[in-house]
Amino acid sequence: MTTRVTAAQQDEDRPQMFSRITGFVRRHTPSDHQGVALQERTFVNSAHAVKPKARRRWPRTVAAASTVAALTASACHTGTTDRHPSAPGSSSAAGVSAELQKLMRGVPWSSGQWGLQVTDLKTGKVVQSKNATSKFVTGSTAKTFAVGAALDTLGSSHRFRTPLVRSGSISHDGRLSGDLIMVGSGDLTLGGRTNALGKVDIPDFDHTDANAVPGMATLTREDPLAGINDLARQVAASGIRHIDGDVVIDDRLWAPVAIGGTPITPTVVNDNLIDLLITPAEPGRQATVDWRPKTAAFTVDSRVTTTPAGTKPAVKTDSPAAGRIRIRGSVPADATAPFIATYQVPDPAAFARTVLIEALVKHGVSVDSPALGENPSNKLPPVQKVKRLPVSASYTSPPFKEYAKLINKVSHNLGANLLPPLMAVQNGKHTYADGMKAEREFLMRAGIDRDSFDLVDAQGLTCDRATPAAQTQLLRNLSRKDYFGVLYDSMPAMGVDGSLAGVIKPTDPAAGHIRAKTGTLIGAANGKLVLTTKALAGYVDAENGRRYAFAIYVNGIPAPGNTVNGAIDLALKANKQLGAMAATIYRNPNP
């Protein structure tokens, strides 16, 4: 049985979530606590994230938002004492520079609850502080806790090895009289992003968020089936020409789990997404739709109209039946092709099995069993027996430091959520909860007060809370680790790349001197849409030559007009506001 985990301990598919959010906006019912969680990578500044004339962007469009998650804040059960942020104006701003006070006091920022701490990394002296021992919703700054714990547990040089083992013997003419088994290792990319230098390809705006802000995502150049094809080539080279048995995916490395409706599985092919590539035509004509990876696992039923240049796109993907992807809507004639949308694969093991069989056939290995259908996990031998089976092929990943960079640069939710079960397995355990326990134990070993954080998932949903003091203490502790350089390099550089590329201008003196993780959640409070959190946490190499750890949180700012678009505009502005605050700390960290 698959355990489904969200901050609200509930699971809904993403199109349904968006319908419930828009329904909430129409009804304005105080009793309806359904909200929307939009991950921070959605809010890359539209004027800088993609070069002008290279790709048209529509940052206000939220149709088919892939990063939407329905949450119920009242369902957070952490078993710890929750010290809520103080109400606006209830705490003195003493200890915060006049420049930062001014940025917090403007409209609409004064309506939120603010928390902040700036700490000298070398001495540990707190140089600025506001509500630093109150807990705030972290958003995806929670990923700093998870990535830090994973670097400590796995090591930056850890590599994932995905083997293909065989359960039978091979005849002289190359017939395998048994099954071929691919054992999932938790490899996030399985070769689908690895470039010629052995590094993971990371765009500023990833396809994992293509549906959230249509028109911004770009695809990496690498073949999404590169790892699968490499395994198939090795099988053919080993002398196997025909498989009398079946091809099976062994996904038993950890107990099944889903976060926000997304399966977190040990086998990941193309982020378990189908990329839909839309090329507009003349206005009024049907756009051309292609997809990748090409596989018999899915057929695509497309009806996407081309609208006049300058109009906004409205694209929706769903699945009316197993194995069928339906895409409907419109894109403007001036959209730079390919315009990317994605479809979440509901059964990653069955998907991986199909593309592996297709790759085997492509490389001259025939298979008796049909490529389509469910993964026949009932044919798997016991786990310990699988470990002793002979290996016919094996794929080795880049080092984990490359994955840490992918997770932090684009705030990759699936990658973050792979970390707890991977840590659990490293410790001889088997569940996502075991991994979150390991993360909490790591934080306590770092000297962080257990009552200063509540972390129930790795991506940063609404139940994840921490104090600014805990966040900066973690960052200072990590700065003394031998893997600190890996962590530092994994964070977006403000004004340069990742989710902070357009937060300040690249000509700003602070550009390139701030490495930080963002966090953004939009939700509901008392029946109204709010910016649940906007957060920024990381390191500043200040103008005075010293390095500081900082954490800035603002929670609970009402959305203008109580609309989803108003909330998204607010989040975009908040991204800039916190960027301005970090740049202020760069200029004047110790007032």
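The values are calculated or read from the model by the stated rules, or taken from the named source; none is laboratory data. For clarity, every value in this text was computed on a predicted model and none was experimentally measured. Positions of Cβ are generated from backbone atoms using ideal geometry, with glycine treated the same way; all protein chains shown enter the neighbour counts. Note: areas computed on protein heavy atoms with side chains; ligands, DNA, RNA excluded. Shrake-Rupley method; radii C 1.70, N 1.55, O 1.52, S 1.80 Å.
Within the stretch 218-229, identify whether any single residue is under 17 Å from the mean Cα position of the chain (by Cα) and touching a residue at least 60 places away in the same chain (Cβ under 8 Å), and answer yes or no.
The answer is yes; a qualifying residue exists.
Here are some residues: Ala296, Ala309, Ala337, Ala341. Which one is closer than 14 Å to Ala210 by Cβ, open to solvent by 30 Å² or more (accessible area, probe 1.4 Å) and either at pLDDT 95 or above or not in a strand (DSSP E or B) (or both)?
Result: Ala337 is the single residue among Ala296, Ala309, Ala337, Ala341 that is closer than 14 Å to Ala210 by Cβ, open to solvent by 30 Å² or more (accessible area, probe 1.4 Å) and either at pLDDT 95 or above or not in a strand (DSSP E or B) (or both).
Which residue, of Arg233, Arg221, is more than 17 Å from Val345 (Cα to Cα), open to solvent by 30 Å² or more (accessible area, probe 1.4 Å) and in a helix (DSSP H, G or I)?
Sole residue among the options that is more than 17 Å from Val345 (Cα to Cα), open to solvent by 30 Å² or more (accessible area, probe 1.4 Å) and in a helix (DSSP H, G or I): Arg233.
Being surrounded by fewer than 21 Cβ atoms within 10 Å (Cβ to Cβ) and closer than 17 Å to Leu487 by Cα: is that true of Pro399 here?
Yes; evaluated as a whole, the condition is true for this residue.
Name the single residue, out of those in the stretch 275-293 being in contact (Cβ under 8 Å) with a residue 24 or more places away in the chain and not in a strand (DSSP E or B), that is surrounded by the fewest Cβ atoms within 10 Å (Cβ to Cβ).
So the first thing to find is which residues in the stretch 275-293 are in contact (Cβ under 8 Å) with a residue 24 or more places away in the chain, and the list is 275-283, 287, 289-293.
Narrowing the set further to residues that are not in a strand (DSSP E or B) leaves 280-283, 287, 293.
Details: Pro280: 25, Ala281: 14, Glu282: 8, Pro283: 15, Ala287: 24, Pro293: 21.
That would be Glu282.
Could you grab me the full set of residues in the stretch 475-485 that are open to solvent by 10 Å² or more (accessible area, probe 1.4 Å) and either in contact with a Phe, Trp or Tyr (Cβ under 9 Å, 6 or more places away or on another chain) or part of a helix (DSSP H, G or I) (or both)?
Result: Arg476, Asn477, Ser479, Phe484, Gly485.
Going by the conditions given, is Thr532 of a type in the set (Val, Ile, Thr), at pLDDT 95 or above and open to solvent by 10 Å² or more (accessible area, probe 1.4 Å)?
yes
Provide a single number: the residues in the stretch 312-334 that are among the charged types (D, E, K, R), out of contact with any helix residue (DSSP H, G or I) (no Cβ under 6 Å at 6 or more places or on another chain) and assigned to a strand (DSSP E or B). Can you show your working first?
The first filter runs over the stretch 312-334 and keeps only residues among the charged types (D, E, K, R), leaving 312, 316, 318, 324, 326, 328, 334.
If we keep only those that are out of contact with any helix residue (DSSP H, G or I) (no Cβ under 6 Å at 6 or more places or on another chain) too, we end up with 312, 316, 324, 326, 328, 334.
Among the residues that remain, those that are also assigned to a strand (DSSP E or B) are: 316, 324, 326, 328.
So the count comes out to 4.
For Asn270, which of the numbered conditions (1) within 30 Å of Thr431 (Cα to Cα); (2) over 24 Å from the mean Cα position of the chain (by Cα) fails to hold?
The number of the failed condition is (2).
Being closer than 24 Å to Thr295 by Cβ, of a type in the set (Lys, Arg) and either surrounded by fewer than 18 Cβ atoms within 10 Å (Cβ to Cβ) or touching a helix residue (DSSP H, G or I) at 6+ places or on another chain (Cβ under 6 Å) (or both), is that true of even one residue in the stretch 355-378? Before the answer, list the steps.
Residues of the stretch 355-378 that are closer than 24 Å to Thr295 by Cβ, as a first pass: 355-378.
Checking the rest, the ones that are also of a type in the set (Lys, Arg) come to 362.
Then keep just the ones that are either surrounded by fewer than 18 Cβ atoms within 10 Å (Cβ to Cβ) or touching a helix residue (DSSP H, G or I) at 6+ places or on another chain (Cβ under 6 Å) (or both); that gives 362.
Yes, the stretch 355-378 has at least one match.
Look through the stretch 251-262, keep the residues that are open to solvent by 20 Å² or more (accessible area, probe 1.4 Å) and not charged (D, E, K, R), and return whichever of them is farthest from Ser185 (Cα to Cα).
In this case the residue turns out to be Gly261.
Determine whether Ala142 is surrounded by fewer than 22 Cβ atoms within 10 Å (Cβ to Cβ) and either under 22 Å from the mean Cα position of the chain (by Cα) or not β-branched (Val, Ile, Thr) (or both).
Values: surrounded by fewer than 22 Cβ atoms within 10 Å (Cβ to Cβ): no; either under 22 Å from the mean Cα position of the chain (by Cα) or not β-branched (Val, Ile, Thr) (or both): yes.
Taking the combined requirement at face value, the residue does not satisfy it.
Could you look through the stretch 415-430, keep only residues that are out of contact with any helix residue (DSSP H, G or I) (no Cβ under 6 Å at 6 or more places or on another chain) and among the aliphatic types (A, V, I, L, M), and pick out the one that is surrounded by the fewest Cβ atoms within 10 Å (Cβ to Cβ)?
Going through the qualifying residues, I end up with Val425.
One line per residue, one yes/no per condition, for (1) part of a loop (DSSP other than H, G, I, E, B); (2) within 22 Å of the chain's Cα centre (by Cα):
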{"residue": "Gly364", "(1), (2)": "yes, no"}
{"residue": "Pro381", "(1), (2)": "yes, no"}
{"residue": "Lys387", "(1), (2)": "no, no"}
{"residue": "Pro398", "(1), (2)": "yes, yes"}
{"residue": "Tyr403", "(1), (2)": "no, yes"}
{"residue": "Gly415", "(1), (2)": "no, yes"}
{"residue": "Lys429", "(1), (2)": "yes, no"}
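Quick check on my filter: what residues within the stretch 436-474 are farther than 21 Å from Thr518 by Cα, touching a residue at least 24 places away in the same chain (Cβ under 8 Å) and assigned to a helix (DSSP H, G or I)?
Ala438, Phe442, Arg450, Asp451
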